[in-house]
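Beneath this line is the structure, given in structure tokens, with notes to follow.
The values are calculated or read from the model by the stated rules, or taken from the named source; none is laboratory data. Everything quoted here is computed from the prediction, not taken from an experiment. All Cβ positions, even for glycine, are placed from backbone atoms using ideal geometry, and neighbour counts span all protein chains on display. Areas reflect the complete protein model, heavy atoms only, side chains present, ligands, DNA and RNA absent. Shrake-Rupley method; radii C 1.70, N 1.55, O 1.52, S 1.80 Å.
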Amino acid sequence: MTLHFTHLTSEQREIQQAARDFARAELAPYTAQWDRDAYFEPALVQKLGELGLLGMLVPETFDGLGLDTLTYLVALEEIAVVDASVAVMVSVHNSLPTQMILRWGSDEQKERYLRPLARGEKLGAFALSEPDAGSDAAALTTQAVRDGECWVLNGTKAWVSSGTHAGVIIAMARTDRADHRRGPRGISSFIVTPDMPGFRVGKKEDKMGLRASPTVQLVFDNLRVPAANLLGEEGHGFSYAMQSLDNGRLGIAAQAIGIARAALEHSLAYAAERRQFGQAIADFEAIQFKLADMAKNVAASRALLHATAAVKDRGDPVTLPAAMSKLLASETAMSATREAVQIFGGYGYVTDYPVERLFRDAKVTEIYEGTSEIQRVVIARQLYATSGSATHVI
Ligand SMILES: Cc1cc2nc3c(=O)[nH]c(=O)nc-3n(C[C@H](O)[C@H](O)[C@H](O)COP(=O)(O)OP(=O)(O)OC[C@H]3O[C@@H](n4cnc5c(N)ncnc54)[C@H](O)[C@@H]3O)c2cc1C
């Protein structure tokens with residue numbers, strides 16, 4: 001039985017298998033312990049790098065694998081099935097900092113930062129959110145002021161995934177003047193490294209789920225960033241961040257599908273083994289219907305995501321299907337893990353089995369890279385943006 005209705009070439013299946021083998025050998029034995037200890041294993045970065053999994057979307061000319069979007073997402077799902085914390089690290093790294101430097105970086109920035117990111121010598125992070133600027137990210141207040149050959153940044157970035165171990169961080173800051181605010185057009189992107197004077201890792205969040213993915217504040221206290229590290233054009237940083245999040249949401253959707261699939265696989269096995277009233281609980285129609293809905297939702301989420309990957313690889317805009325994919329997949333992850341806990345009964349509520357972790361991990365997929373409410377806002381806006389009225393045939 002397979003819920004994979006997308007045709008994969010033999011090369012795509014090879015990459016999928018390599019990611020699956022890696023996840024089973026290098027992650028599965030430790031996932032539960034890392035979750036309990038909220039421990040991030042730094043050695044993973046090198047191991048993922050050696051397999052090319054940190055340069056999946058980077059062309060071979062810059063030391064990446066140069067994969068298409070579908071292959072990337074299929075590989076990411078295999079990691080997420082086993083360890084959602086590692087999956088978010090891989091997703092953010094591949095979808096956001098590497099893609100931003102590839103797309104908007106200068107030749108020098110690509111040599112200096114993109115190659116080590118693609119090879120897995122450095123881990124990438126993305127710092128847009130702030131304590132008071134989440135969904136309304138354009139309200140960010142971190143200020144960048146030009147001082148000779150440097151920009152001086154002051155402010156606090158919040159919720160930075162992998163922020164403790166990142167070697168390259170794309171940070172968004174205001175470059176407009178306090179007396180002449182330009183809204184989103186006053187925001188620029190900078191390539192920040194932790195060795196720059198004025199950089200400090202702040203509070204580490206103690207999270208419900210994704211506990212093996214360190215989420216931290218980054219404090220910029222007169223952080224001196226060389227002028228050459230401005231990414232792309234001044235004042236375009238917010239636009240870069242939003243465009244990149246379209247891609248980021250595809251990675252989060254793949255992560256969510258991996259979590260949902262894990263919930264389904266564990267539930268299928270448990271329901272076949274667990275006996276009550278003299279029969280396997282899988283023989284109860286109530287349980288079968290839960291499994292059927294989980295399977296349908298995983299298949300639908302994956303089909304939409306893979307269709308979106310094709311749209312992206314054709315070079316067409318993905319704002320609408322990316323928001324839909326992320327919304328559907330994250331709601332699938334949440335419903336599938338909720339039902340998995342129910343199928344396991346009391347055993348679903350304790351740490352002896354993985355489904356309680358999956359349930360905790362699933363929740364954040366409805367929150368980060370745009371909450372479900374914001375995905376609905378994006379979708380609704382796009383419906384009007386493309387039609388001009390709500391009455392035309394879609
Ligand atoms: C584990 C984790 C990792 C993260 N990693 C990163 C990262 O690497 N980099 C980064 O920059 N950020 C990261 N984030 C931040 C994340 O993107 C934000 O948490 C998210 O955008 C929501 O912002 P907020 O938490 O401030 O919630 P708020 O924006 O305060 O939202 C609170 C509630 O109000 C709702 N709401 C807000 N505005 C609207 C609206 N217009 N219409 C309807 N409802 C609305 C929201 O949907 C939500 O339900 C991470 C967050 C978490 C939890």
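For (1) surrounded by 17 or more Cβ atoms within 10 Å (Cβ to Cβ); (2) under 21 Å from residue 99 (Cβ atoms); (3) without any contact (Cβ under 8 Å) to a residue 24 or more places away in the chain; (4) in contact with a His (Cβ under 6 Å, 6 or more places away or on another chain), each residue gets a yes or a no:
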| position | (1), (2), (3), (4) |
| --- | --- |
| 163 | yes, yes, no, no |
| 172 | yes, yes, no, no |
| 175 | yes, no, no, no |
| 179 | no, no, yes, no |
| 182 | no, no, no, no |
| 185 | no, no, no, no |
| 202 | no, no, no, no |
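For segment 213-222, does any single residue satisfy the condition of being within 26 Å of residue 23 (Cβ to Cβ), in contact with a strand residue (DSSP E or B) (Cβ under 9 Å, 6 or more places away or on another chain), in contact (Cβ under 8 Å) with a residue 24 or more places away in the chain and among the polar types (S, T, N, Q)? Looking through segment 213-222, at least one residue is within 26 Å of residue 23 (Cβ to Cβ), in contact with a strand residue (DSSP E or B) (Cβ under 9 Å, 6 or more places away or on another chain), in contact (Cβ under 8 Å) with a residue 24 or more places away in the chain and among the polar types (S, T, N, Q).
Residue 133 meets all of the listed conditions (1) open to solvent by 20 Å² or more (accessible area, probe 1.4 Å); (2) more than 12 Å from residue 98 (Cβ to Cβ) but one, namely (1).
Pull out all pairs, ordered by first then second residue, where Cβ-Cβ is under 7 Å, the residues are six or more apart or on different chains, the first lies in segment 46-60 and is touching a residue at least 40 places away in the same chain (Cβ under 8 Å), and the second is basic (Lys, Arg). Close Cβ pairs (under 7 Å, with a partner that is basic (Lys, Arg)) amount to 49/119; 55/119. Could you tell me whether any residue of segment 97-120 is out of contact with any helix residue (DSSP H, G or I) (no Cβ under 8 Å at 6 or more places or on another chain), open to solvent by less than 10 Å² (accessible area, probe 1.4 Å) and within 12 Å of the ligand (Cβ to nearest atom)? No - not one qualifying residue is present in segment 97-120.
Of all the numbered requirements in (1) farther than 20 Å from residue 35 by Cβ; (2) more than 16 Å from the ligand (Cβ to nearest atom), residue 265 misses one, and that requirement is (1). Checking each residue in segment 256-286 for being buried (at least 21 other Cβ atoms within 10 Å of the Cβ) and either more than 30 Å from the chain's Cα centre (by Cα) or within 17 Å of residue 321 (Cβ to Cβ) (or both) picks out 256, 257.
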